1. Residue check: is L82 among the aliphatic types (A, V, I, L, M) and open to solvent by 50 Å² or more (accessible area, probe 1.4 Å)?
2. Could you check, for segment 1-19, whether at least one of its residues is more than 24 Å from D163 (Cβ to Cβ), assigned to a loop (DSSP other than H, G, I, E, B) and at pLDDT below 95?
3. Suppose we filter segment 153-178 for residues that are in contact with a Ser or Thr (Cβ under 9 Å, 6 or more places away or on another chain) and not aliphatic (A, V, I, L, M); how many remain?
4. Which members of segment 118-155 meet the condition of being more than 14 Å from the chain's Cα centre (by Cα) and in a helix (DSSP H, G or I)?
5. Name every residue in segment 162-180 that is open to solvent by 60 Å² or more (accessible area, probe 1.4 Å) and in a helix (DSSP H, G or I), in order of residue number.
6. Tally the residues that are small (G, A, S) and under 16 Å from the mean Cα position of the chain (by Cα), restricting the search to segment 41-73.
7. Which ones in segment 117-130 are of a type in the set (D, E, K, R), in contact with a strand residue (DSSP E or B) (Cβ under 6 Å, 6 or more places away or on another chain) and either closer than 13 Å to F23 by Cα or open to solvent by less than 50 Å² (accessible area, probe 1.4 Å) (or both)?
8. Can you run down the residue pairs with Cβ atoms below 6 Å, 6 or more apart or on separate chains, where the first is in segment 105-125 and without any contact (Cβ under 8 Å) to a residue 24 or more places away in the chain and the partner is open to solvent by less than 50 Å² (accessible area, probe 1.4 Å) and of a type in the set (S, T, Y)?
Amino acid sequence: RAAAKRMRAELDAAGAAFPSRIFVSPLVRCVETAHAVAEEFDVPAMGVEEGLAETVCEEWMRQWALPDSDTSWGGPEGREKLDPEPGVRPEALQGPRALLRSAAELRALYRDDGSGLEAARRIDPEHRSHVSLRDTDFAWGAFETHEALAERTAGTVRARMRDHPNETLVFVSHGGPSGACYLGLTGNLVPKGSGGMTAMSIFRPTQDGTLEA
C-alpha cells in the first residue's frame, strides 16, 4: 500500500495520467502488490503476464528447491553448491509449467463468498499473456539467461504499450526482471544505487520511438 501511495505521488509530480490498466507477474506476492495499486487507482481488473514472472535462475530456485532451502536468495549462506544436487524438488525439474498459475487458477484463489485470497479478486481470468513462459524448457539445470529475461520482460511491456497507446500502464514484477526490463527498454543498466524489489521506474515514449526513463 505504501508503494501504491508513492506511485500516486510520483505520477502526480511527473504530470502523468493515473493508471488505467495493470499487468502483473503470476506469483502471488506480485499479485498482492498489484491489488494494492488497483485499489489505490480504482482499476477494475488486472492482467496476468508470464513475461513479468521471476527469473528462472539458479539463485531463485535455491531459495526453495533444495531440502535445506531457507528462502534466502541463492540458498543458505556458506552452503557449498553440489553438482548434481540431491533432493531437488520436482517442480524445479519441471520448470514454469509446474510453478506458474494461469490467470483462471489465480482468480479461483478468491471465492465469491469473500474468502480466499482477496488480492486475486481483480484478476481477469480471460486475459491472455503475451509470453507463455510455461511453454519454455527452462528448469533446474537449464536456467534462463539474462538476455532471455530482458527479451521477455521488455517484449511484454512493448506489446501492451502497442495495445493501449496513450494510456498509463502499470507493470508489477520482481527485482531482477525489473532491472532486465529497464535494460531491454532503454539499452542502459539501472542507475547505480537504484533498482531492487521496491523500485519504481516511469517510462515515457519519445518522438523517435524510444523510451525515456
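1. yes
2. Checked segment 1-19: at least one residue is more than 24 Å from D163 (Cβ to Cβ), assigned to a loop (DSSP other than H, G, I, E, B) and at pLDDT below 95.
3. Selection size over segment 153-178: 12.
4. Passing the criteria: E118, A119, A120, R121, R122, R134, D135, H146, E147, A148.
5. Across segment 162-180, the qualifying residues are R162, D163.
6. 3
7. R122, D124
8. So the pair list comes out as G116/Y110.
The values are calculated or read from the model by the stated rules, or taken from the named source; none is laboratory data. Bear in mind that the values here come from a model prediction, so they are computed numbers and not experimental data. Glycine gets a Cβ as well: all are built from the backbone with ideal geometry, and neighbour counts include every protein chain shown. Calculation scope for accessible area: heavy atoms of the full protein, side chains included, ligands and nucleic acids excluded. Shrake-Rupley method; radii C 1.70, N 1.55, O 1.52, S 1.80 Å.
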